[in-house]
1. Go through the residues of region 12-24 one by one and say whether even a single one is of a type in the set (Ser, Thr, Tyr) and touching a Phe, Trp or Tyr at 6+ places or on another chain (Cβ under 6 Å).
2. Can you work out which of the residues in region 101-117 that are over 17 Å from residue 76 (Cα atoms) and not in a strand (DSSP E or B) is modelled with the highest pLDDT?
3. Enumerate the pairs (first residue in region 89-105 and over 16 Å from residue 23 (Cβ atoms) and without any contact (Cβ under 8 Å) to a residue 40 or more places away in the chain; second residue anywhere and in a loop (DSSP other than H, G, I, E, B) and hydrophobic (A, V, I, L, M, F, W, C)) with beta-carbon separation below 8 Å, excluding pairs fewer than 6 apart on the same chain, so at least 6 apart or on different chains.
4. Among the residues of region 77-100 satisfying the criterion of being acidic (Asp, Glu) and in a loop (DSSP other than H, G, I, E, B), which is surrounded by the most Cβ atoms within 10 Å (Cβ to Cβ)?
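The values are calculated or read from the model by the stated rules, or taken from the named source; none is laboratory data. Given the structure is predicted, the values throughout are model-derived calculations rather than measurements. Cβ placement follows ideal geometry from the backbone for every residue including glycine, while neighbour counts extend to all protein chains displayed.
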Amino acid sequence: MAGLVFFATENHDELVRFYCDELDCTVWLDQPGCTILQHGHMLLGFCDRDETDECGIVTFYYDDREAVDRMYDRLRGRADGEPVENEEYDIYQFFATDPDGRTLEFQTFLHPIDPPA
């Protein structure tokens with residue numbers, strides 16, 4: 001089973017460039033006015049609309065702390081703060097914002113997990 005999340009945006013081209021150039025997403029499917037991006041098992045669709053959806057959190061997770069730290073180094077100017085351990089969820093994380101103001105989270109699990117199929 002698979003799925004994807006769509007967001008409306010007034011800044012379609014800028015968002016696609018940001019997610020591809022800064023977050024290492026790739027274009028999975030390009031349709032008129034809508035682009036679906038892939039990052040591992042995650043699919044995100046951004047559709048050109050008259051209003052922007054800013055709610056929700058898009059979370060990227062990585063295999064280790066070093067990968068989270070590398071993303072922090074790339075996004076330092078957009079980050080809300082340095083990566084920290086979150087004891088409640090046993091993760092290492094930081095938050096940032098995309099060009100539309102949408103919240104992004106970058107994390108690694110500090111406990112064993114089964115990767116998605």
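1. So far as region 12-24 goes, no, none of its residues is of a type in the set (Ser, Thr, Tyr) and touching a Phe, Trp or Tyr at 6+ places or on another chain (Cβ under 6 Å).
2. Among residues in region 101-117 that are over 17 Å from residue 76 (Cα atoms) and not in a strand (DSSP E or B), the one modelled with the highest pLDDT is 110.
3. Taking only residues 6 or more apart or on different chains, the pairs are 90/110; 91/110; 92/110.
4. So, considering only residues that are acidic (Asp, Glu) and in a loop (DSSP other than H, G, I, E, B), the one surrounded by the most Cβ atoms within 10 Å (Cβ to Cβ) is 98.
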